[in-house]
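S.K.: Provided herewith is a single structure, encoded as structure tokens, for subsequent inquiry.
What follows draws every value from the coordinates through simple rules; no lab data is involved. Values in this document were obtained by computation on a predicted structure and should not be read as measured data. Positions of Cβ are generated from backbone atoms using ideal geometry, with glycine treated the same way; all protein chains shown enter the neighbour counts.
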Amino acid sequence: MDSMSTTFHRHREDFTCEHCGAEVHGDGYTNHCPRCLWSRHVDDHPGDRASQCRGMMQPVAVTYEHDRFRIRQRCTICGVERWNRAAADDDRDTMIRIAAEAAKRMTGTR
């Protein structure tokens, strides 16, 4: 399989969140820390671990559509943005805070 494939590669990986320090137990689909919703920019395509950037991915927006939450993350180094599905164990208070902050940015309020 070439490195440009868009086929998902599942990796079961546990990790320590580099943003908040939480111990995260991955299930093969885990993309981000369930406590703070940050992650690391490791993939060019989902699961390929091919990104050379390795920057931190900051959660910048949360949406709810088609009966599911999605989290938008932006790399703090290269600026790439990606949508990820929220997981059942993601902290809902953190998701609400991020959604509110994004709404304030869009409307220019504080």
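S.K.: Can you give the FRET efficiency for T107 and D67, using 1/(1 + (r/R0)^6), R0 = 22 Å, r = Cβ-Cβ distance, to the nearest 0.05? Can you show the working numbers first?
M.R.: Numbers: r = 26 Å, r/R0 = 1.18.
Efficiency for this residue pair is about 0.25.
S.K.: Sticking with this one: Report ³J(HN,Hα) in whole Hz for each residue of segment 26-31, in order, from the Karplus equation J = 6.51 cos²θ - 1.76 cosθ + 1.60 where θ = phi - 60°; Gly and Pro get x.
M.R.: Values, residue by residue: x, 10, x, 10, 5, 10 Hz.
S.K.: Mind giving me the nanometre distance, one decimal, between the label points for D14 and V80, set 7 Å out from Cα along Cα→Cβ?
M.R.: About 2.8 nm separates the two model spin labels.
S.K.: Which cross-chain or sequence-distant (5 or more) residues have an amide H under 5 Å from the amide H of A22, H modelled 1.01 Å from N in plane?
M.R.: C17
S.K.: Here is a further query. Taking K and R as +1 and D and E as -1, what net charge do the other residues with C-beta under 13 Å from the C-beta of R85 add up to? Each step should come with its number before you reach the end.
M.R.: Values: positive: R68, R70, R72, R82; negative: D27, E65, D67, D89, D90.
Spelling it out: positives minus negatives among the neighbours equals -1.
S.K.: Where the only charges are on Cβ atoms (+1 Lys, Arg; -1 Asp, Glu), what is the dipole of the chain about its Cα centre, to the nearest 20 debye? Provide the component values of the computation, followed by the final result.
M.R.: On the way: 17 positive and 17 negative charges, 99 e Å.
So the dipole magnitude of the chain works out to roughly 480 debye.
S.K.: Report the FRET efficiency, 1/(1 + (r/R0)^6), for R92 and R49, where r is their Cβ-Cβ distance and R0 is 22 Å, rounded to 0.05.
M.R.: After rounding, the FRET efficiency stands at 0.15.
S.K.: Once Rh for the chain is found with the Kirkwood sum over Cα pairs, what is the Stokes-Einstein diffusion coefficient at 4 °C and 1.567 mPa s, in µm²/s?
M.R.: After rounding, the answer is 89 µm²/s.
S.K.: Whole-Hz Karplus ³J(HN,Hα) for segment 53-70, in order, using 6.51 cos²θ - 1.76 cosθ + 1.60 and θ = phi - 60°, x for Gly and Pro?
M.R.: 3J(HN,Hα) across segment 53-70, in whole Hz: 5, 6, x, 7, 9, 8, x, 10, 7, 9, 10, 10, 8, 6, 6, 8, 8, 10.
S.K.: OK, next. Measure nothing fancy, just the Cα-based angle from helix 92-107's long axis to the longest principal axis of the chain, in degrees from 0 to 90, nearest 10.
M.R.: 70 degrees
S.K.: Of G108, G79, H19, whose Cα points farthest to the positive end of the dipole of the chain (charges on the beta-carbon: +1 Lys, Arg; -1 Asp, Glu; origin at the Cα centre)?
M.R.: Highest projection toward the positive end goes to G108.
S.K.: Please list, in chain and number order, the residues 5+ apart from H41 or on another chain whose amide H is under 5 Å from its amide H, with Hs placed from the backbone.
M.R.: Placed amide hydrogens put R54, G55, M56, M57 under 5 Å from H41.
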